[in-house]
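To start, the structure itself, in structure tokens.
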């Protein structure tokens, strides 16, 4: 079966954004006089939407609603500098662009456009689906189905590159073959430890 599209998760695949996310949510907590996140909350916010994350980290405080309102007026741009692009990403996208439809499925909301723009990546992607573009964010498969509909392809004509249980759940529900990035514990059709390794795979299967 010929694959016609590749879907990328953003955080943890295209970018190491753990420090940026940590700084962003710790800023929110600090604004309301609360201590920084413990490790388990850092793990949570790395995989969930901003609304889910704020509700989670403010769950033991009376400031949840105020924090949700405050973040609407907070410019995320200064935190983008703390995101580290994964080595080989641009080279991988340069290789894939003439061969595949390319998409992003992310639980980011208003920030994904600016992240792609400031890193000069916007032109690579045919469709970007954020948590604002669906009724049900990941791990619900709606984002994957939206991308499949956009390209007019079946689930097995696509690959999804992700790094978390959330991404795996999307693929399992949507029937899309899952490529696990730096996540050996996840069930996948392919495990890779670098984007260079992923490029080698695609090159080998397109010659």
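Just checking, does region 167-182 include any residue being surrounded by fewer than 18 Cβ atoms within 10 Å (Cβ to Cβ), at negative phi and under 14 Å from the mean Cα position of the chain (by Cα)?
Applying the first criterion (surrounded by fewer than 18 Cβ atoms within 10 Å (Cβ to Cβ)) to region 167-182 yields 169, 172-173, 175, 177, 182.
From the residues that got through so far, the ones that are at negative phi too are 169, 172-173, 177.
Those left that are additionally under 14 Å from the mean Cα position of the chain (by Cα): 169.
Checking region 167-182: at least one residue is surrounded by fewer than 18 Cβ atoms within 10 Å (Cβ to Cβ), at negative phi and under 14 Å from the mean Cα position of the chain (by Cα).
Only one of 62, 98, 78 is modelled with pLDDT of 95 or more and farther than 21 Å from residue 147 by Cβ; which?
Numbers: 98 fails: farther than 21 Å from residue 147 by Cβ; 78 fails: modelled with pLDDT of 95 or more.
So the residue among 62, 98, 78 that is modelled with pLDDT of 95 or more and farther than 21 Å from residue 147 by Cβ is 62.
Considering only residues that are within 28 Å of residue 117 (Cβ to Cβ), touching a helix residue (DSSP H, G or I) at 6+ places or on another chain (Cβ under 6 Å) and free of Cβ contacts under 8 Å to residues at least 60 places away in the same chain, which ones fall in region 19-36?
Across region 19-36, the qualifying residues are 21, 22, 23, 24, 25, 28.
Might you let me know whether region 85-92 holds any residue that is surrounded by 15 or more Cβ atoms within 10 Å (Cβ to Cβ), in contact with a helix residue (DSSP H, G or I) (Cβ under 6 Å, 6 or more places away or on another chain) and over 26 Å from residue 152 (Cα atoms)?
Scanning region 85-92, I find at least one residue that is surrounded by 15 or more Cβ atoms within 10 Å (Cβ to Cβ), in contact with a helix residue (DSSP H, G or I) (Cβ under 6 Å, 6 or more places away or on another chain) and over 26 Å from residue 152 (Cα atoms), so the answer is yes.
On the given criteria, is residue 108 touching a helix residue (DSSP H, G or I) at 6+ places or on another chain (Cβ under 9 Å) and modelled with pLDDT under 95?
For residue 108, the condition - touching a helix residue (DSSP H, G or I) at 6+ places or on another chain (Cβ under 9 Å) and modelled with pLDDT under 95 - is met.
Can you pull out the residues in region 34-84 that are loosely packed, with under 14 Cβ neighbours inside 10 Å and within 18 Å of the chain's Cα centre (by Cα)?
43, 77, 81, 84
Restricting attention to region 82-105, and to residues there that are touching a residue at least 60 places away in the same chain (Cβ under 8 Å) and out of contact with any strand residue (DSSP E or B) (no Cβ under 7 Å at 6 or more places or on another chain), which single residue is nearest to residue 17 (Cα to Cα)?
Filtering first and then ranking leaves 82.
The values are calculated or read from the model by the stated rules, or taken from the named source; none is laboratory data. Just so you know, these numbers come straight off a predicted model, no measurement behind them. Cβ atoms come from the backbone with ideal geometry, glycine included; neighbour counts cover every protein chain shown.
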